[in-house]
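Dropping a structure here in structure tokens format, bear with me for questions.
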Amino acid sequence: MDDVLPINRAAIAQAQEILRSQFHLLSGKDIDKLPDQIRDPLKHRFQAMLFVADVIGHKRESTSVRGFALLLHAPDLKFCYLDYISIEPGAGGRGYGGALYERLREEAKQLGSVGIFFECLPDDPKLSPEKSVQAQNARRLRFYEKYDARPIINTSYETPLTPGDTNPPYLVYDGLGMDRPLRAEEARRIARAILERKYKNICPPKYIDMVVDSFKDDPVQLRPPKYRKKDIKPTVIERLRPIERIALVVNKKHDIHHVKERGYVESPVRINSILDGLKGLDVFQPYDPTHFAKRHITDVHDQGYFNYFKRVCANLPEGESVYPYVFPIRNSKRPPKELSMRAGYYCIDTFTPLNRNAFIAARRAVDCTLTCAQKILEGHRLAYALVRPPGHHAEVRVFGGFCYFNNAAIAAHYLSMFERVAVLDVDYHHGNGTQDIFYGRPDVLTVSLHGHPNVAYPYFSGFEEETGAGPGTGFNINIPLPEDMDGGRYMRHLEYALRKIRNFKACFLVLSLGLDTAKGDPTGSWMLGRDDFHEMGLRIGRLHIPVLVVQEGGYDTSAIGINARSFFEGIWKGAYD
């Protein structure tokens, strides 16, 4: 759908090579415009989608394309046009063409198309007098006839532009097995769109009018089957492939970090409640987390903090927690020797504990989030890191707010090595950690909607005038909001945030999803309901860029599941609108 991901750019380049080798008469200009066709549908008046068949088992960091198909979708007229379908030289007879065409039929059906139209050279000796060419044309038409895709007859579509030219194409129609009659007026509009949008520099207006006016049969008639012995009406089997689902990676070791103290709301039941809410929502593809090197953490967090956090947790007795209570306001450069006493030198509050399993759980949350980032790079348009502990309050060298490593920031930094990244934080509490990590950087835009720090944690960060520093000036946007906020007013501010992300031309979005903006959450004061979370997801999905969702807050376990479900129903619908 785009040329944002490195793997997509590689696939497009290899498809262009197949075009060069298989379509010798195609101009270099037409081949070179393929990335632009995919990138700019308004210019070309079609939404272009490239489908590729690559080697099974090949590493997903690269691709080895054996065949491709370019499908053009016209949403205004609800039809699809097959521009090219081709296999690399020597790869014929292995099923690539059939797999690609069946995939196109699924896509066209899901898009609500009346069918697929395409041009195919004629098998009629009067139109194709050279026997070898005619035989090749017949093989193609025989292939499509298996799917009940047949030439439209009784029209002037196959009239040569220049009298006497051979091999003028048929217009072939595949009704996707829906047994729906194609009305004459509908066919005329579609034929005009094909000729004007694809051949505007070749076909003169009088020629186009002549062809369009020749569609008189109502409904349109197809050529009787010529190669098929049985009258078979192949249907489209609709199914979601793994790559089309939301990649879901859950921190299954989160519950080892369980602080059983009264009032500690960041509890394991949060994850279970969300999973219960998502049951039956058949759009997720689960993956196990991959372990990533610590350098991905120390790329954004201070090495000294990482070492301290690891050491102090390893030295604490099982079941014992240490809470910071002394903070180095006067002399931060001379911390005490005892590790447990040093906690306040790396923390911003008194309610985020250190214990034996905190480091293990936090490290695993990072692995889950980076696995989701990798799945985005492999082609998933949506991914969800369902993790705890959360992360957006963790700064370069401090922890706090139940957060130890900044999962979202680590993933954003990782993705920023490929393309421009925006981070949108919709948690009730300002993500001071994410702001701190990217405050001086222009390559990652950070946008946050949150309760005003005058009245909401963390109190010292999230003010509107905090816009970045140095080269990062203008790339940090805070939208602090009042204590009383309903869904209608919230959506107006969200739309402003999304406009900033669009203007930044982000290629990836990392979303810090806090569900603590819900009515009744013990840590917030807003009034968002399930319909508001659905609308939030819908609008974010309509950015139409890959989105990595990272779980942050949300502590009302009676509502968190249904709100999560509503959000993902919305973002799924928005992303695939």
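On each of the three principal axes of the Cα atoms of region 118-260, give max minus min coordinate, whole Å, ordered largest first.
That gives 85, 39, 31 Å along the principal axes, largest extent first.
To check you understand DSSP bridge types, tell me what percent of the beta bridges within region 310-459 (both residues inside) are antiparallel, rounded to 5.
If we restrict to bridges inside region 310-459, about 35 percent are antiparallel.
For region 6-213, what is one quarter of the convex hull surface built on the Cα atoms, given in nm²?
Projected area, direction-averaged: 12.1 nm².
Given the C-alpha centroids of region 526-562 and region 364-397, what is the distance between them in whole angstrom?
16
Going by a ≥ b ≥ c, the root eigenvalues of the Cα gyration tensor, does region 1-111 fall in the rounded group (a/c under 1.5), the prolate group (a/b larger than b/c) or the oblate group?
Rounded.
Turning to a different aspect of this structure: Using a Förster distance of 45 Å, how high is the FRET efficiency between I31 and R397, based on the Cβ-Cβ distance and rounded to 0.05?
0.30
Additional query: First measure r as the distance between the Cβ atoms of M178 and A293, then evaluate 1/(1 + (r/R0)^6) with R0 = 56 Å and state the FRET efficiency to the nearest 0.05.
Computed FRET efficiency for M178 and A293 comes out at 0.60.
So between R142 and I243, what do we pick up on full extension, going 0.36 nm a residue minus the alpha carbon distance?
33.2 nm
Averaging sequence separations of C-alpha pairs under 8 Å and six or more residues apart, then dividing by the length of the chain, give the relative contact order as a whole percent.
10
Moving on. Considering only DSSP beta bridges whose two residues both sit in the chain, what percent are antiparallel, to the nearest 5?
Restricted to the chain, the bridges split so that about 45 percent are antiparallel.
Can you list the residues, at least 5 places off or on another chain, whose amide H is less than 5 Å from the amide H of A247, using H built in the peptide plane?
Q285, L382, A383, Y384
Further question: Taking a quarter of the surface of the convex hull around the Cα atoms of region 62-125, what do you get in nm²?
Projected area, direction-averaged: 6.2 nm².
Something else: Kindly provide the pair-distance distribution of the chain built from C-alpha pairs, with 10 Å bins from 0 and whole-percent values in order of increasing distance.
Spelled out per bin, shortest first, that is 3, 16, 24, 20, 14, 11, 7, 3, 1, 0.
Another question, if that's okay. Could you sort out which of K109/K200; K43/K146; K252/K294; K109/K198 sit more than 24 Å apart by Cα distance in this structure?
K109/K200; K43/K146
Taking one equal scatterer on every alpha-carbon of region 171-211, how large is log10 of I(q)/I(0) by Debye at q = 0.20 1/Å?
At q = 0.20 Å⁻¹ the computed log10 ratios are -0.67.
Also: Would you mind giving the three semi-axes, in whole Å and largest first, of the ellipsoid equivalent to region 451-577 according to its Cα gyration tensor?
23, 21, 12
With r as the distance between the Cβ atoms of R542 and K126 and R0 = 41 Å, compute the FRET efficiency 1/(1 + (r/R0)^6) and round to 0.05.
The pair K126/R542 has a calculated efficiency of 0.20.
If we sort 164-174, 142-152 on the protection proxy, mean other Cβ atoms within 10 Å, highest first, what's the order?
The peptides rank, most packed first, as 142-152, 164-174.
Something else: May I ask which residue of W526, C403, C120 lies farthest towards the positive end of the charge dipole of the chain, with charges of +1 (Lys, Arg) and -1 (Asp, Glu) on Cβ and the Cα centre as origin?
Of the candidates, C120 comes out farthest on the positive side.
Which order, highest average first, do 431-444, 406-419, 23-36, 554-567 follow once you tally other Cβ atoms within 10 Å for each residue and take the mean per peptide?
Output ranking for 431-444, 406-419, 23-36, 554-567: 406-419, 431-444, 554-567, 23-36.
Counting pairs of Cα atoms in region 65-166, how many percent are more than 22 Å apart?
So the portion of pairs separated by more than 22 Å is 38 percent.
Between the alpha-carbon centers of region 157-186 and region 407-451, tell me the distance in whole angstrom.
The distance from the Cα centre of region 157-186 to that of region 407-451 comes to 51 Å.
I would also like to ask the following. Provide the packing ranking of 3-16, 68-81, 280-293, 363-376, i.e. peptides ordered by the mean count of other C-beta atoms within 10 Å per residue, highest first.
363-376, 68-81, 3-16, 280-293
To the nearest 20 debye, what is the magnitude of the charge dipole of region 6-213 about its Cα centre, counting +1 on the Cβ of each Lys and Arg and -1 on the Cβ of each Asp and Glu?
280
At 18 Å minimum axial length over the Cα atoms and a Kyte-Doolittle cut of -1.0, report the qualifying DSSP H helices in the chain, or say none.
Helices meeting the criterion: 6-22, 184-198, 358-377, 487-504, 560-575.
In addition: Percent antiparallel among DSSP beta bridges with both residues in region 6-213, to the nearest 5?
So the antiparallel bridges amount to about 90 percent of the total.
Using a simple spin-label model with points 7 Å from Cα along the Cα→Cβ vector, what separation in nm is obtained for S21 and Y576?
3.3
Okay, moving on. D for region 506-545, whole µm²/s, Stokes-Einstein with Kirkwood Rh over alpha-carbon pairs at 25 °C and 0.890 mPa s: what number?
For the chosen part, D equals 216 µm²/s.
Give, in nm to one decimal, the length gained when the segment between K43 and A91 is fully stretched (0.36 nm per residue of separation minus the Cα-Cα distance).
13.9 nm
Computed from the coordinates by the stated procedures, all read-outs in this text should not be read as laboratory data. Remember, predicted model here, so these are calculated numbers, not experimental data. Heads up, the Cβs are rebuilt from the backbone with ideal geometry, glycines too, and the neighbour counts pull from every protein chain shown.
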